[in-house]
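The structure appears right after this line, and notes come after that.
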Amino acid sequence: MHDASAAWLMTGLAPSPLMVSLMQTATSLPFFLLALPAGALADIVDRRRLLLATQLWMLVAATALGVSTVAGRTGPWLLLSLTFGMGLGNALNAPAWQATTPDLVPREELAAAVALGGISVNVARAVGPALGGLLVAALGAGWVFLLNAASFLGVVVVLARWQHEVPRSRLPPEDVPGAMRAGVRYVRHSAPFHAVLARTAAFVVPASALWALLPLFARRGLGLSATGYGLLLGCLGAGAIAGAAILPRVRERLTSDRLVLAGAAVFAVVSAVLALARAPLVAGGGLFVGGMAWMGAMSTLNVAAQNAVPAWVRARALAVGLLAVQGSMAVGSLLWGVVATHADIPTALVAGAALLLVGAVASRRFALHGLSNLDLRPDPRWSLPETACQLDGDEGPVLVTLEYQVDPAESEEFLRAVRRLEPVRRRDGAIRWNVYRDTEDPNRWLEVFVVESWLEHLRQHERVTADDRVLFEAAARFDRGGKGPRVRHHIAGRQAEQLRWNGRAAE
């Protein structure tokens, strides 16, 4: 109700394609600014308290917008500013909200849980805009904003009653800058998550043309009122609900890759049909089908993102995923607003449809199928290393060496196996990695990596997953000693001079 009313209000305050499109940008841009800090916070603090704070922030922003609008003091830039403020709260809220889903349901039910969450959103999308349009026509947009503000109180009550168990670690919590670096490092070196990001951008950037230009198309192209525009959004939402209902049966027949491809193709056809539509009934029917396609594609991408990352970095990675969605929406909305300003709205919609098809085909090499089979549970067999000196945790950088004795006849196979460890080491904390062969002893190989501190290396041990263990064992089996590589830890020279040695044997 709030989003539809705000977009419609802008069409009256400043009826240009660029200003209307900037409403979507004001909603999405905060994710550029806060996605990583929000994800880091959600991984290192009590998520319940973080969610309570963000809900209260959005309550204040919605109240301010409602009061100013009822008083007749809302102009286009104030509307954009307070919409941006709402976006800030949502940006801080979203990673923590999404990261709770895998903790609430078993993995085999994750896809159904994500679809159920999509249904709840789209029930609101189907009913809310229509009710919003009626209230705007009857009372004005300001009262819709105030009703939205009141609704945050209900969410706050639910969160206050939620009994949430905070995960415990033997190590001190990360600080926000360090957690942000760890999140970026993980995403940078995680090939499965790269696939999710590429497929997301290829779908959302061109698909955003329909979302960004629909308010102005409803007013200019179809001659509809606020109520009519709300009904069009309701068609999208109703289609998404129907799509979620049939999604389990579709997943039985289509892989994740084919489902996203099919969703992109159908949404492209809907955008092209909408560009040519002059009857509201035709537009509504097309948007119903488009809602089904949107739900199928976005739900599949969401599940893929959840399956591609382990629990310790989940909120940070999902924050990057949300950044890809909202950033693509912001950039796409601005792009298609400019295109519509210099050409017209139907041209922008057709261009978006064409780019959607091209992107869907071009991104097929980024496979999503198989991500649900990844075993990213923590490996309980990994223990923290012992040392012969007392370490507080801030010492570093730390050089870690693993010495392998390898039969020269197996050196090529060993190299292939050990090089598979590089992305694992880097995404879990290493800032440098390489493998070396001894020039005097051809049997001796060293895997070497550097971590920024001793504490970060201890976190590396906690971050090992069951799938990582398989890769480590595949490399270790080439060691001729039979016990695996010999591991040594080295502290940087200046810090090593200050250590207090206790005589304990090193790892």
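What is the log10 of I(q)/I(0) for the chain, computed with the Debye formula using one identical point scatterer on each Cα and no solvent, at q = 0.05, 0.11, 0.12 Å⁻¹? Treating every Cα as an identical point scatterer, log10 I(q)/I(0) equals -0.24, -0.95, -1.08.
Which length gain, in nm to one decimal place, applies between residue 253 and residue 278 when the Cα-Cα distance is subtracted from 0.36 nm times their residue separation? Provide the component values of the computation, followed by the final result.
Working: separation 25, 0.36 × 25 = 9.00 nm, distance 3.57 nm.
Additional length available on full extension: 5.4 nm.
Quick one: with all protein chains in place, what share of the accessible area of the chain is carbon or sulfur, to the nearest percent (1.4 Å probe)? The value for the chain is 61 percent carbon and sulfur by accessible area.
In this simple spin-label model, placing a label point 7 Å from the Cα along the Cα-to-Cβ direction at both residue 220 and residue 162 gives a separation of 4.1 nm. Each helix, a run of at least 4 DSSP H residues, gives -39500 (n - 2.57); summed and divided by the residues of the chain, these come to -23000 deg cm²/dmol at 222 nm. In the context of the full protein assembly, residue 241 retains an accessible surface of approximately 50 Å², using a probe radius of 1.4 Å and ignoring ligands and nucleic acids.
Largest accessible area first, the residues 2, 194, 189 order themselves as 194, 189, 2 under a 1.4 Å probe with ligands, DNA and RNA left out. What the phi angles of the range 441-458 give under the Karplus curve with 6.51, -1.76 and 1.60, with θ = phi - 60°, is a coupling list of 10, x, 7, 9, 10, 10, 8, 10, 9, 10, 10, 5, 7, 5, 4, 5, 5, 4 Hz, glycine and proline written as x. Taking a ≥ b ≥ c as the square roots of the eigenvalues of the Cα gyration tensor, the range 311-450 is classed as prolate, since a/c reaches at least 1.5 and a/b is larger than b/c. Here the Debye sum runs over all C-alpha atoms of the range 111-249 as equal scatterers in vacuum, and log10 of I(q)/I(0) at q = 0.09, 0.12, 0.16, 0.19 Å⁻¹ comes out as -0.49, -0.83, -1.15, -1.22.
Accessible area per residue for the chain, computed on protein heavy atoms with a 1.4 Å probe, is 46 Å². At the listed q of 0.13, 0.20 Å⁻¹, the Debye profile of the range 175-283, built from one uniform point per Cα, gives log10 I(q)/I(0) equal to -0.69, -1.09. The residues 425, 377, 420, sorted by heavy-atom accessible surface at 1.4 Å with ligands and nucleic acids left out, run 377, 420, 425 from largest to smallest. The angle separating the long axis of helix 280-307 from the principal Cα axis of greatest extent in the chain is about 10 degrees.
How would 86, 1, 10 rank on accessible area, largest to smallest, probe 1.4 Å? Each step should come with its number before you reach the end.
On the way: 86 25, 1 65, 10 0 Å².
Order by accessible area, largest first: 1, 86, 10.
Tell me whether the range 363-432 comes out rounded, prolate or oblate; compute the Cα gyration tensor, take square roots of the eigenvalues as a ≥ b ≥ c, and use a/c under 1.5 as the rounded threshold. Note, shape of the range 363-432 comes out oblate. Here the extension length gained between residue 342 and residue 56 equals 98.9 nm, from 0.36 nm per residue of separation less the Cα-Cα distance. Computed over every Cα-Cα pair of the range 1-106 and binned at 5 Å starting from 0, the pair-distance distribution P(r) comes out as 2, 12, 21, 20, 16, 12, 9, 5, 2, 0, 0 percent. Subtracting the Cα-Cα distance of residue 191 and residue 123 from their residue separation scaled by 0.36 nm leaves 21.0 nm.
Using only the Cα atoms of the range 2-45, build the gyration tensor, take square roots of its eigenvalues as a ≥ b ≥ c, and label the shape rounded, prolate or oblate: rounded if a/c is under 1.5, else prolate if a/b is larger than b/c, else oblate.
On the way: a/c = 6.45, a/b = 2.85, b/c = 2.26.
Verdict is prolate for the range 2-45.
Relative to the longest principal axis of the Cα atoms of the chain, helix 226-253 runs at roughly 40 degrees. Sketch the reach of a paramagnetic label on residue 139 as a point 7 Å from Cα along Cα-to-Cβ, and name the residues of the range 67-91 whose backbone nitrogen lies under 13 Å away. Label zone hits: 67, 70.
The values are calculated or read from the model by the stated rules, or taken from the named source; none is laboratory data. Because the structure is predicted, anything quoted here is derived from the model rather than measured. When we count neighbours, we look across all protein chains shown, and the Cβ atoms used for this are built from the backbone with ideal geometry, even at glycine. Note: areas computed on protein heavy atoms with side chains; ligands, DNA, RNA excluded. Shrake-Rupley method; radii C 1.70, N 1.55, O 1.52, S 1.80 Å.
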